[in-house]
1. Return, for the Cα atoms of region 109-182, the radius of gyration and Dmax in Å, separated by a comma.
2. Between Asp212 and Val133, what is 0.36 nm times their sequence separation minus the Cα-Cα distance? Round to one decimal in nm.
3. Can you compute the FRET efficiency between Arg197 and Leu37 using 1/(1 + (r/R0)^6), with r the Cβ-Cβ distance and R0 = 51 Å? Round to the nearest 0.05.
4. With no solvent and one equal point scatterer per Cα, compute the Debye intensity ratio I(q)/I(0) for region 119-240 at 0.10, 0.21 Å⁻¹ and report its log10, rounded to two decimals.
5. Compute the convex hull volume of the Cα atoms of region 34-149, divide it by the residue count, and report the result per residue in Å³ as a whole number.
6. Which value in nm describes the separation of the simple spin-label points at Arg188 and Ala173, placed 7 Å from the Cα toward the beta carbon?
7. Between Glu63 and His231, what FRET efficiency comes out of the Förster formula 1/(1 + (r/R0)^6) with R0 = 35 Å and r the beta carbon distance, rounded to 0.05?
8. Given a Förster distance of 22 Å, report the FRET efficiency between Glu96 and Glu15 from their Cβ-Cβ distance, rounded to the nearest 0.05.
Amino acid sequence: MRTKKNLSFSGVYKEAFEGYITYKTALGCNIEYRETLALHTLNGFLNKYEPNEVILTEQMAYEYVHQNPVLAPATVHAYECRIRQFALYLRNVGYESIYIYPEKHTKVATDFVPYIFSSGEILRIFTATDQIVSTPNNPHYKIFFQTLIRLLYCTGIRISEALHLKLEDVDFANNILIVQNSKGNVSRLVPFNEYIRGWLIKYQDAALAPNDSYFFESPQGGARNRVAVGHTFQNVLLPLAKIQRKPDNTGPRLHDIRHTYACHCLDKMVRSGADPFCALPYLSTYMGHKGIESTEKYLRLTADHFLEISSACHHIYEKGKGDHNE
């Protein structure tokens, strides 16, 4: 595993960046390492102007956002959001010479279509986790992936949510996962069935150590790296399951298991006689979406993959849009 750098802020912005992270954390936001790294890079960018005090001019903000002419729209959008949120914080804590980047951001294409696994492909992925072999350096490698992949598909939680589950977040008395302050600062309770309970107990008995804080503790301590887990999924499990990557290399991704869960869930509800429009609020709340707009896209995806129920969805699935990383 690649060693993470010990990041520290510098220059006249040092106190401001440290305060910003403290502020976001106090709000319940989970500041991941890659976002801290992005803020560290922003700190270095602003330091190049060699200001004597904390300032943020329109020119500085514009040059930060447009520093690379070949950036993808999604990356430009992320830069815009980051500089705007940091500027709002600076203004709120009393800094005066601060330019607030406009709220109207670069539009990000919404025509991304996630990969929806078939039921057969999901079973082959489960079988693939049974075929991998643990190593002396990672003795719980096999049971980790066996449990994790089944948990993701049977509950629909995000990979980051699964990897950040603390021991106390897994309630075996009530068969509930407690997802704390996830994306959009949304917390929720996620039930799991007896099948998943069995796998979680099996993993707990085999892999958990007395001093672990996270349920899926890394062998090096702390939360596991979701990028490394995703890399294993794409480069080890998918080939074992005989599932090919798309020609443009956009998928399948580990996160597509969540999309698959949602579509399979919606399909099951529609087949049982539920009106798809009425089912959406339940699915939206369960999956931790801040609004129903992020859930509506599953109407289109479900109708596309289960053509026999498309007539039940046709009146609303056309407007399905949303964040493809929801």
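The numbers here are math on the coordinates, done by the rules we state, and not lab data. Everything numeric in this text was worked out from a predicted model, so none of it was measured. Neighbour counts are summed over all protein chains in view; Cβ atoms, including those assigned to glycine, are modelled from backbone coordinates with ideal geometry.
1. 14.9, 45
2. Fully extending the segment from Asp212 to Val133 adds 26.1 nm.
3. Values: r = 37 Å, r/R0 = 0.73.
After rounding to 0.05, the efficiency reads 0.85.
4. -0.29, -1.38
5. Looking at region 34-149, the number lands at 204 Å³ per residue.
6. Placing both labels 7 Å along Cα→Cβ, they lie 2.4 nm apart.
7. 0.55
8. In this case the efficiency is close to 0.90.
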